[in-house]
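S.K.: Let me give you the structure first, and then I'll get to my questions.
The values are calculated or read from the model by the stated rules, or taken from the named source; none is laboratory data. Keep in mind that this is a model prediction, so the values were computed, not measured. A quick note on method: Cβ atoms are made from the backbone with ideal geometry, for glycine too, and the neighbour counts reach across all protein chains shown. All accessible areas refer to the heavy atoms of the entire protein, side chains included, with ligands and DNA or RNA removed. Shrake-Rupley method; radii C 1.70, N 1.55, O 1.52, S 1.80 Å.
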Amino acid sequence: MGVQELVLDNCRSSEGKIEGITEEFSNLELLSLINVGLTSVADLPKLSKLRKLELSDNRISGGLEVLAERLVNLTHLNLSGNKFKDISTLEPLKKLPQLKSLDLFNCEVTNLADYRGSIFKLLPQLTYLDGYDIDDCEDSDSDGEGDGVEDEDEDGEEGESEDFEDEEDEDEEDVVAEDDDEDDEDSVDDEDGEVNGDVDSEEEEEEDEEDDDESSPTKGEKRKRDPEDEDDDEDD
């Protein structure tokens, strides 16, 4: 058969064993058996072209000698979520010279002291363990998750700087607005002063006119004196 990838995730296995996969699938390069209830890989056929084997979320605890014997070109092996407890159960993987990446997430073996150092020492051909190399550098096949985080940080910094600039602009607008208010108040005071000054000058003019009227003799006074003068003339 010419099938190169076979995905059987979540299909129930028979008594925890692989069935239906034979050497007829000789062209397989990827085989995925995630969460199928496997307890053994003993029935796995010889697949010399297989490079990636996904066995996560099963109940496998050993028997990896089969992989070393039948999958000689395997480069990626995912055993996450299985029952491996001891480093010794992983020793058969030393016979996979092409093995580059091994995943053991959620296996008890990851709780051992110096787990990472022990695995890299046991499997010197290994480059990535649980997605990171011996220097804690991320696997380049991890879909660029790290780049996304960096982009977010950069966007966040740019956003903060933009907000800061906006705040500065607002502060400048506030200062300008305050100056305008002060100018308005000064102009109002000037107008009040001018108005008051006009009113005061008018009042002073009115007072001056009244003073002039009081000092000058009125017509009424003249009329009062005229009759008296007439009486004096009659007496004479």
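S.K.: Considering only the stretch 75-94, state which residues are under 15 Å from L50 (Cβ atoms) and touching a helix residue (DSSP H, G or I) at 6+ places or on another chain (Cβ under 8 Å).
M.R.: L77, L93
S.K.: Within the group Y128, Y132, which residue is among the hydroxyl-bearing types (S, T, Y), at pLDDT 95 or above and over 28 Å from Q4 (Cβ atoms)? So that I can check it myself, show each step before the final result.
M.R.: On the way: Y128 fails: over 28 Å from Q4 (Cβ atoms).
Only one candidate passes the filter, namely Y132.
Residues checked against (1) open to solvent by 40 Å² or more (accessible area, probe 1.4 Å); (2) among the hydrophobic types (A, V, I, L, M, F, W, C); (3) modelled with pLDDT of 95 or more:
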position: G2; (1), (2), (3): yes, no, no
position: E15; (1), (2), (3): yes, no, no
position: G20; (1), (2), (3): yes, no, no
position: L44; (1), (2), (3): no, yes, no
position: D57; (1), (2), (3): yes, no, yes
position: I60; (1), (2), (3): no, yes, yes
position: E65; (1), (2), (3): yes, no, yes
position: A68; (1), (2), (3): no, yes, no
position: T75; (1), (2), (3): no, no, yes
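S.K.: Applying the selection to the stretch 41-77, what residues are of a type in the set (G, A, S) and within 19 Å of V7 (Cβ to Cβ)? Show your work before the answer.
M.R.: So in the stretch 41-77, the residues of a type in the set (G, A, S) come out as 42, 48, 56, 61-63, 68.
The one that is of a type in the set (G, A, S) and within 19 Å of V7 (Cβ to Cβ): S56.
S.K.: So which residues in the stretch 27-40 are farther than 14 Å from D9 by Cα and either open to solvent by 50 Å² or more (accessible area, probe 1.4 Å) or touching a His at 6+ places or on another chain (Cβ under 7 Å) (or both), if there are any at all?
M.R.: Let us first name the residues in the stretch 27-40 that are farther than 14 Å from D9 by Cα, namely 27-29, 39-40.
Across the stretch 27-40, the qualifying residues are E29, T39.
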